[in-house]
Amino acid sequence: MEVLSKQDETLERVLGRICDSFFLLERPGGIEIAEADSVSFVGDRIAGFLPACRLEHLGDTSFCAAHRLRYPCYSGAMANGIGSVEIVEAMGRAGMLGIFGAAGLPLSTVESAIDRLYRSLGMGVPYGFNLIHSPNEPELEQGVVDLYLRHNVPLVEASAYLDLTLPLVRYRVTGIYRDGRGNVVVPHRVIGKVSRVEVASKFMAPPPPRYLRELVATGAITSEQAELAARIPMAEDVTAEADSGGHTDNQPAIVLLPTLLALRDRLQAQFGYEHPIRVGAAGGISTPWSAAAAFSMGAAYIVTGSVNQSCVEAGTSAAVRSMLAQAQQADIAMAPAADMFEMGVKVQVLKRGTMFAMRAAKLYELYRTYESLAEIPAADRATLEKNVFRAPLDVIWDQTREFFQQRDPAQIGRAERDPKHRMALVFRWYLGQSSHWANAGEPSRTVDYQIWCGPAMAAFNEWVRGSFLEHPENRRVATVALNLLYGAAVLGRSRALVGQGITLPPGAPRLVPLERSVLEERIQL
């Protein structure tokens, strides 16, 4: 035993031993710390108790049980394969969950990712795939669901949904059955990522009856399956997506998470699900403090996003990782989204080192102002062709038409009939290419990189400054995630002491990023 008041480093060491419990004892020389199994309780005055806090016990343990995880954390999907198979593999092998970023990729590429993950992880390590709302390309969303069902993909993260769709409902309820004990078994799990109450309420409710009737009519499910489907929520896990990179409503987590927890409780009382829906937290999770705050507010799990993109496993370029590692608080902006351009939906991107946000905003301004490419004033058109597209717009349209000939031919016919739609597709060429240029590290297009990024990136960079994680080549997704969870456990223990009237030394606990080997020793792997 050592005297806390004289040796502050003792507290740091003890707080870091998250798997052990300690008593704080009053002694003439101050407060001493003793391991729980060494206290006799005879003549000792107990000043406080420091309980163990294993990473497995953060959040809701049913989340880990349902998804066969060790830790309540997953890496959210990042489109165009930025949420790569390497990220999914690394998270899975570390006892967490990874979601492959399928949005924006050809079906053949997604299918290759499914095959690889099945071969590398098998059935023993969990993983999931992204399913993104595609209001302008409903056939594409249907094709992705067909692919997932054909390959028995067991879990999807449904993101950017403004409303439920028939393909999403079909994925959720296909194969539902009642086992020998009378329990409803749902082979396909959905994590709904939402930032609005009206959308969250749809994921927390049973599948819409109109879609179930349609699925029965087409023979996709039976009447009995439709009856069973009416007893389950669309998503068994709902992620409260606060201010994040990419698609975001810029919601503050401190408001959004409690709101969705209250909504969950109300709908649980209404529908009486056998297993209550779990609510997790995403957006801004990039330091131990943000992770601890999420768990303290009642998050069942946490989701990392922007920080993963700066890790070596991300499906992007070294140039992008370097740019992200330099991001500061004011280096982000909102810009038109490629997939929902016509609707005015925006995504959050990195502003530092790129002109993408400004140029994309100009394209949307022109789209709203004019009815066709032909109406754009000559001076504006010349600027677009010289600086943005770097080619005549007619050439860009030819390339766009060739792309949609393979992806969604219906878009071509619509564009031939509607000049404004043709303009939208041409402008979306730039928005789509800007992400590909960034992922490929195209040096001639650095100023046009579209890099999805939220303010969490700046907080992470500030926290790791001066440590081995300051350099992007040292950043690995599992190491980052375990540091966040470990730091959250340490912070939770420190707050437990404060709640008992124990005054901690200034600056305690000091949380610095730890190497993977040190982490594994402290969490007793």
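Of note:
Table: residues versus (1) without any contact (Cβ under 8 Å) to a residue 24 or more places away in the chain; (2) buried (at least 22 other Cβ atoms within 10 Å of the Cβ); (3) under 21 Å from residue 75 (Cβ atoms); (4) assigned by TED's automatic domain parsing to the domain that holds residue 247.
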| site | (1), (2), (3), (4) |
| --- | --- |
| 173 | no, yes, no, yes |
| 178 | no, no, no, yes |
| 181 | yes, no, no, yes |
| 217 | yes, no, no, yes |
| 220 | no, no, no, yes |
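- Qualifying positions in the stretch 418-432 - more than 12 Å from residue 367 (Cβ to Cβ) and modelled with pLDDT of 95 or more: 418, 429
- Number of residues in the stretch 73-100 that are out of contact with any strand residue (DSSP E or B) (no Cβ under 8 Å at 6 or more places or on another chain) and at pLDDT below 95: the value is 1.
- Highlighted here are the helices (runs of 4 or more DSSP H) found entirely within the stretch 393-454 that include at least 2 residues which are out of contact with any Cys (no Cβ under 6 Å at 6 or more places or on another chain) and among the aromatic types (Phe, Trp, Tyr): 393-407, 419-440.
- Any hit, the stretch 296-314, residues being outside any loop (DSSP other than H, G, I, E, B), under 22 Å from residue 90 (Cβ atoms), small (Gly, Ala, Ser) and in contact with a Ser or Thr (Cβ under 8 Å, 6 or more places away or on another chain): yes
Yes or no, residue by residue, for (1) hydrophobic (A, V, I, L, M, F, W, C); (2) touching a residue at least 60 places away in the same chain (Cβ under 8 Å):
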residue	(1), (2)
90	yes, yes
93	no, yes
100	yes, no
107	yes, no
120	no, no
130	no, no
137	no, yes
140	yes, yes
147	yes, no
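- Residue among 98, 48 that alone is within 30 Å of residue 340 (Cα to Cα) and part of a strand (DSSP E or B): 98
- Summed over the stretch 238-252, residues that are of a type in the set (A, V, I, L, M) and part of a strand (DSSP E or B) total 2.
- Unique residue being touching a residue at least 12 places away in the same chain (Cβ under 8 Å) and of a type in the set (Asp, Glu) when the list is 402, 470, 385, 416: 470
- Residues of the stretch 442-483 satisfying the condition of being surrounded by fewer than 15 Cβ atoms within 10 Å (Cβ to Cβ) and under 30 Å from residue 386 (Cα atoms): 443, 444, 447
- Applying the criterion of being in contact (Cβ under 8 Å) with a residue 60 or more places away in the chain and in contact with a strand residue (DSSP E or B) (Cβ under 7 Å, 6 or more places away or on another chain) to the residues of the stretch 149-171, the residue that is farthest from residue 124 (Cα to Cα) is 160.
- Restricted to the stretch 494-521, and to residues there that are assigned to a helix (DSSP H, G or I) and of a type in the set (A, V, I, L, M), the residue that is nearest to residue 94 (Cα to Cα) is 519.
- Which listed residue is within 22 Å of the chain's Cα centre (by Cα) and closer than 30 Å to residue 370 by Cα, from 452, 463, 437: 452
- Restricting attention to the stretch 354-384, the residues that are within 19 Å of residue 435 (Cα to Cα) and either modelled with pLDDT under 95 or part of a helix (DSSP H, G or I) (or both) total 10.
- Verdict on residue 480 being free of Cβ contacts under 8 Å to residues at least 40 places away in the same chain and hydrophobic (A, V, I, L, M, F, W, C): no
- Residue match in the stretch 107-119 (condition: over 23 Å from residue 172 (Cα atoms), surrounded by fewer than 24 Cβ atoms within 10 Å (Cβ to Cβ) and of a type in the set (Asp, Glu)): no
- Scope the stretch 46-100; condition surrounded by fewer than 23 Cβ atoms within 10 Å (Cβ to Cβ), β-branched (Val, Ile, Thr) and within 16 Å of residue 130 (Cα to Cα); matching residues: 85
The values are calculated or read from the model by the stated rules, or taken from the named source; none is laboratory data. Since this is a predicted model, take the numbers as computed values, not measurements. Neighbour counts are summed over all protein chains in view; Cβ atoms, including those assigned to glycine, are modelled from backbone coordinates with ideal geometry.
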